[in-house]
Amino acid sequence: MNRIELASRRDFLETLFSAGAMIFAAGIIPAGAAELDVGKTAWHPSVFLGLDTDGSIIIVSHRSEMGTGIRTSLPMVVADELEADWSRVRIEQAIGDKKYGSQDTDGSQSIRDFYAIMRETGATARLMLERAAAAQWGVSPGECRASDHQVIHAASGKKAGFGELVSAAVKQPIPAKNEIRLKSPEQFRYIGKGVPIVDLKDICTGAAIYGFDAHVPGMVYASIERSPVLGGKLKSFDDSQARKLPGVQQTVVIEGAQPPYGFQALGGVAVIADNTWAASQARKKLKIEWEYGPNAIYQTETYKKSLVESANKPQKVVRSIGDVDAAFGAAAKVVEANYYTPLLAHAPMEPPAALAHYQNGKVETWTATQDPQQVQETVSKALGIKPADVTCHVTLLGGAFGRKSKPDYVAEAAILSKKVGKPVKISWTREEDIHFDYYHSTSAMYFKAGLDSSGKPVAWLQRTVFPPIGSTFDDKESYGGAGELSQGWIDIPFDIANLRAENGPAQAHLRIGWLRSVANIYHAFGIQSFIDELAHTAGQDPVEYWLAALGAPRTIDFAGQQAKYTNYGKPMNAYPLDTGRLKRVAEVVAERSGWANKKSGQGHAWGFAAHRSFLTYVAAVVEVEVDPKGKLRIPRVDIAVDCGSAINPDRVKAQFEGAAVFGASVALLGEITTADGRVQQGNFDTYPVARINEAPYETRVHIVEGGGLPTGAGEPGVPPTAPAICNAVFAATGKRVRELPLRKQKLV
């Protein structure tokens, strides 16, 4: 994840204005332009907001739209503080440019990182418009008020539209920060009210532009044969049969990537053709010999065994409270369990695609990316040019889940464009998407708890072993990074006097990357399943047992606990780990789901889990039915979420509804396996995702207003879903699921 770097407020604001218009953004691609020709755009704004003399407003979205609604949510914050008429606002998508701060649409961070900045942007422009009107009318600025796209002087009844005031407002000095008046929540017009996404009509009518839709005149199409084993080197190839097919222009070799792989193009032999079909068919005719290298030894079952063995041995301590070993010796009962989750692929609806045009030492790209600045960095390194000489236009993304923050596919298009001297488009197939992913890590976890005579946990030991994301950027890295270990492992919330968390090493043999909710997936699955085990061992209600283990509301302080907790990059004083908020969502979901009245057993039951991730508190109750043949059905999911202030409640609900489906896919179906270093899955027949009959039939999202700063919404719904499903399966069948996916387990 990129570190946000912003200029000082005054330097930032001083770039926002120019003669004739109030300007806050830079030249970008028109959202609906079929040819994506930015040279034809009539007006080029400069950082986030632009007002023109006809009263029209342009707000630039510098984050990527992949179904979250962020192209709507961030601009509506600006519009609200500005007092703009939303119907007169046009949203433009920013190209990659460091002046926007971080453009990495990842980590559920867009709102939490830019909410305050967007509010200040709108409020600054509003105040300058009010002062411009006051100067024209010869009245005190305090007597003028912006409302509904105009400024009003109530005493005289004078009114002036924003467009009328633009030229005068430009001449106003930039207000000091202490002069800006932010709205109070009761004054909000859009924030917290829910605004339909701006792309809705285009998406529904097929007019929306995605990565696969990118097109420029004269472009050619490429299909690449890559080594099936990571790190494999090209020994020889014969393209004679491939070049005979109609439409084929040539073949091109891309040099193989060297570890650490980062976001490099993997390399291979590319077929260049007049269309995608010709390129893909000719690729099948290539005869290639590979030298597979050391990763050819990678076998899922052998590797899994080594992870489990490591998890059952003492490892590096990453958090420690009290004296765990002594507490185990005094415990009335000791419970142990091993949990395991497999590798996962992203499998977004739209596989990776990119179009690149290299000419005169510069390259222009069009792609579905979560991070256009990373495209600039990656492509510039691949071509040996400056990042500023890489232009990245951002299309809509047909899903991403973290995959499209890794622009190896854009580097491929750019390299090929430079080699062939033409614009080159690459459209990955589903098989390529799954075979050459940055996989969500596998993890083996070991748990041990000491219970007192009442069944209360008095000692807790946990170990996690997984190939870390850091291995993608440093091939010698084998321990989990502080960020991964802060995702549900170090920050286990239970009030247990004696607790130790450990992490063991694991060598990666594939590219490992972040996927929606990242390490929280396996850590929440292990911890939330094991606490449910303890509840049943103690013969107690799982929710009541969980609440008792959580203890009295408190703010967790990691001082003196050997813990390097990152808190998702945010200061603990602004975003404390507040167990009271976690307790509240647990209580709300139990109440709204009718937990107290549920009677589990005989193939029908409910499961509970709760987890904090991305600074957001979430609890889930999942209903399952397991028929006599072992077929599982999920009639209903209840999710309670405290994400601070819900800026766009409709989008928050949509994200958690989607998270329930995503979580069901993880629990029921998701698994990547390897044999001889090769990924064995290739499409939805071998890597299934939840279909309509497997997804939850109904998901009810209950937003718990926590107040204060907004937090993440895109990812936090995923972690508690899988353990809640598995806990429900145990309550329904007596079968404790400690290994995912469920489709491999016998439930009856």
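The values are calculated or read from the model by the stated rules, or taken from the named source; none is laboratory data. Small disclaimer: the values here were computed from a predicted structure and weren't measured. Neighbour counts run over all protein chains shown; Cβ positions are idealised from the backbone, glycine included.
Each row is one residue, and each column tells you yes or no for (1) touching a strand residue (DSSP E or B) at 6+ places or on another chain (Cβ under 7 Å); (2) hydrophobic (A, V, I, L, M, F, W, C); (3) modelled with pLDDT of 95 or more.
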residue	(1), (2), (3)
69	no, no, yes
77	no, yes, yes
84	yes, yes, yes
92	yes, no, no
106	no, no, yes
134	yes, yes, yes
137	yes, yes, yes
140	no, no, yes
144	yes, yes, yes
Notebook entry, point to check: Regarding residue 136, is this residue free of Cβ contacts under 8 Å to residues at least 40 places away in the same chain, in contact with a Gly (Cβ under 7 Å, 6 or more places away or on another chain) and either of a type in the set (Phe, Trp, Tyr) or assigned by TED's automatic domain parsing to the domain that holds residue 116 (or both)?
Noted result: no
Checklist line | Unique residue being loosely packed, with under 15 Cβ neighbours inside 10 Å, out of contact with any His (no Cβ under 7 Å at 6 or more places or on another chain) and of a type in the set (Asp, Glu) when the list is 148, 199 | finding: 148
Notebook entry, point to check: When you scan the range 239-262, how many residues do you find that are over 9 Å from residue 285 (Cβ atoms), assigned to a loop (DSSP other than H, G, I, E, B) and among the hydroxyl-bearing types (Ser, Thr, Tyr)?
Noted result: 1
Check: within 22 Å of the chain's Cα centre (by Cα), buried (at least 24 other Cβ atoms within 10 Å of the Cβ) and in the same structural domain as residue 524 (by TED's automatic domain parsing): does that describe residue 367?
Finding: no
Check: Would you pick out the residues in the range 652-675 that are surrounded by fewer than 20 Cβ atoms within 10 Å (Cβ to Cβ) and either among the polar types (S, T, N, Q) or more than 19 Å from the chain's Cα centre (by Cα) (or both)?
Finding: 673, 675
Check: If you check 223, 167, 240, 236, which single one turns out to be touching a Gly at 6+ places or on another chain (Cβ under 8 Å) and polar (S, T, N, Q)?
Finding: 167
Checklist line | Every residue from the range 534-578 that is within 24 Å of the chain's Cα centre (by Cα) and assigned to a helix (DSSP H, G or I) | finding: 567, 568, 569
Margin query: Cβ contacts < 8 Å: first residue of a type in the set (D, E, K, R), restricted to the range 471-483; second residue crowded, with 21+ Cβ neighbours inside 10 Å and not in a loop (DSSP other than H, G, I, E, B), any location; separation 6+ or different chain. Result?
Written below: 477/471
Margin query: Take the conditions in contact with a helix residue (DSSP H, G or I) (Cβ under 8 Å, 6 or more places away or on another chain) and closer than 30 Å to residue 228 by Cβ and apply them to residue 690. Does it pass?
Written below: yes
Next item on the list: Considering only residues that are free of Cβ contacts under 8 Å to residues at least 24 places away in the same chain and aliphatic (A, V, I, L, M), look in the range 541-597 and name the one that is nearest to residue 731 (Cα to Cα).
Entry: 596
Check: Looking at residue 514, is it crowded, with 24+ Cβ neighbours inside 10 Å and touching a Leu at 6+ places or on another chain (Cβ under 6 Å)?
Finding: no
Margin query: Checking the condition within 21 Å of residue 413 (Cα to Cα), surrounded by 16 or more Cβ atoms within 10 Å (Cβ to Cβ) and over 35 Å from the mean Cα position of the chain (by Cα), which residue from 266, 286 passes?
Written below: 286
Notebook entry, point to check: Can you name the residue in the range 165-184 that is touching a residue at least 40 places away in the same chain (Cβ under 8 Å) and not aliphatic (A, V, I, L, M) and is also surrounded by the most Cβ atoms within 10 Å (Cβ to Cβ) among such residues?
Noted result: 172
